[in-house]
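*Asks:* Can you read through this structure? Questions will come right after.
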Amino acid sequence: MDLVTAFADEARRRTDELVTGQLPAIRRAGALIAEAVLAGGVVHAYGTGHSEAAALELAGRAGGLIPANRLALRDPVVLGSAKPGDFDPLAERDPGTAHRVLALHTIEPADVFMIASNSGGNGSTVEMAKLVKQRSLPLIAITSMAHTSAITSRHPSGERLFELADVVIDNLAPYGDAVLETEHGPVCGISSITSALAVQLMVAEAIGLLSAAGMVPPTYLSANIPGADAHNEALQARYAGRIRIGAL
């Protein structure tokens, strides 16, 4: 088997399926984001493990929305008073992690959340979703319905991410994420690719709706082109203290 060609074919098939089959949910997610931004809100993005890539795709991305804030497992070290040695490699499984992370961020009534999790069953992921819904905020989930439907949640409630979300986008990854079967086992994960595409489609929908509503969308220019710093800093100032600035 030519694994390169096989994976390219599989990625193409799944991204095409995402654009067609998941488009209604993606448009609803984009509308929630646009409503939040129009109301002065911020979209908060959370993901652990490789699902953090989806949060990175939404927050702080060239061409993306400036009122977007990334929450991360290492926030208690980077933003709080915890020491690097305090970080637990299995923190994503601990519901208490969600409380420690969320406490370091400013959350307002007009905000919206996007949580990405392939499995949708880790303790911090589900607890973060529950904290969002306790605040009566809209929640967008990006998850693998094939994987999450086959697991038992690690959260004490037994709930999974998709059961708590207002909008669920299936990233179409299979159970275990890897899409190619080989004699040595399954290889080549797909969820980062399909989740990133879903995020960019949501952003495209939101920006289109903001423009239609008469708002100049507050978007990032690449920091590597002339004039970008002044442009970005002026817009970031509108959301001071509410969005993460920088890559950490």
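The values are calculated or read from the model by the stated rules, or taken from the named source; none is laboratory data. This one's a predicted model, so the numbers in the text were calculated from it and none came from an experiment. Cβ: placed from backbone, ideal geometry, glycine included. Neighbour counts: every protein chain shown. The protein model used for the area step is the full one, side chains on, heavy atoms only, and it has no ligands, DNA or RNA in it. Shrake-Rupley method; radii C 1.70, N 1.55, O 1.52, S 1.80 Å.
*Asks:* Please name all residue pairs, on different chains or six or more residues apart, with Cβ atoms under 6 Å, provided the first residue is in segment 24-47 and is open to solvent by 10 Å² or more (accessible area, probe 1.4 Å) and the second residue is at pLDDT 95 or above and assigned to a helix (DSSP H, G or I).
*Replies:* Within 6 Å, the pairs are Arg27/Glu205.
*Asks:* Are there any pairs, at least 6 apart or on different chains, whose C-beta atoms fall under 6 Å, with the first in segment 1-12 and closer than 11 Å to Val187 by Cβ and the second open to solvent by 40 Å² or more (accessible area, probe 1.4 Å) and among the hydrophobic types (A, V, I, L, M, F, W, C), and if so, which?
*Replies:* Close Cβ pairs (under 6 Å, with a partner that is open to solvent by 40 Å² or more (accessible area, probe 1.4 Å) and among the hydrophobic types (A, V, I, L, M, F, W, C)) amount to Phe7/Cys188.
*Asks:* Among the hydroxyl-bearing types (Ser, Thr, Tyr) and not in a loop (DSSP other than H, G, I, E, B): is that true of Thr125 in this structure?
*Replies:* Yes; evaluated as a whole, the condition is true for this residue.
*Asks:* Looking at this structure, is Leu18 in contact with a Lys or Arg (Cβ under 7 Å, 6 or more places away or on another chain), surrounded by fewer than 24 Cβ atoms within 10 Å (Cβ to Cβ) and outside any loop (DSSP other than H, G, I, E, B)?
*Replies:* Criteria not met by Leu18.
*Asks:* I need the full set of residues from segment 128-147 which are among the small types (Gly, Ala, Ser), part of a helix (DSSP H, G or I) and crowded, with 24+ Cβ neighbours inside 10 Å, in order please.
*Replies:* At the first step, the residues of segment 128-147 found to be among the small types (Gly, Ala, Ser) are 129, 136, 141, 144, 146.
Of the ones still in play, those that are also part of a helix (DSSP H, G or I) are 129, 146.
Answer for segment 128-147, where residues must be among the small types (Gly, Ala, Ser), part of a helix (DSSP H, G or I) and crowded, with 24+ Cβ neighbours inside 10 Å: just Ala129.
*Asks:* Would you check which residues across segment 104-163 are basic (Lys, Arg) and touching a Lys or Arg at 6+ places or on another chain (Cβ under 9 Å) and list them? Give the steps one after another, and end with the answer.
*Replies:* Going through segment 104-163, the residues basic (Lys, Arg) turn out to be 130, 133, 135, 154, 160.
The answer is Arg154, and nothing else.
*Asks:* Would you check if Ser119 is part of a loop (DSSP other than H, G, I, E, B) and closer than 20 Å to Ile26 by Cα?
*Replies:* yes
*Asks:* While we're on this one: What are the pairs, 6+ residues apart or on separate chains, where a residue within segment 213-238 that is farther than 20 Å from Leu58 by Cβ has its Cβ under 8 Å from a residue that is open to solvent by less than 50 Å² (accessible area, probe 1.4 Å) and part of a loop (DSSP other than H, G, I, E, B)?
*Replies:* Matching pairs, first to second residue: none at all.
*Asks:* Pick from Gly60, Gly41: which is in a loop (DSSP other than H, G, I, E, B), at pLDDT 95 or above and either closer than 25 Å to Gly241 by Cα or among the polar types (S, T, N, Q) (or both)?
*Replies:* Every option except Gly41 fails the conditions.
*Asks:* Find all pairs meeting these conditions: Cβ atoms under 8 angstrom apart; at least six residues apart or on different chains; first residue within segment 86-110 and farther than 24 Å from Glu35 by Cα and open to solvent by 60 Å² or more (accessible area, probe 1.4 Å); second residue of a type in the set (A, V, I, L, M, F, W, C) and not in a loop (DSSP other than H, G, I, E, B).
*Replies:* Asp86/Val77; Phe87/Val77; His99/Leu131
*Asks:* Answer yes or no as to whether Phe162 is open to solvent by 40 Å² or more (accessible area, probe 1.4 Å) and not small (Gly, Ala, Ser). Steps first, please.
*Replies:* Working: open to solvent by 40 Å² or more (accessible area, probe 1.4 Å): yes; not small (Gly, Ala, Ser): yes.
For Phe162, the condition - open to solvent by 40 Å² or more (accessible area, probe 1.4 Å) and not small (Gly, Ala, Ser) - is met.
*Asks:* Among the residues of segment 216-248, which ones are part of a loop (DSSP other than H, G, I, E, B) and touching a Pro at 6+ places or on another chain (Cβ under 7 Å)?
*Replies:* Within segment 216-248, Pro218, Ile243 meet the criteria.
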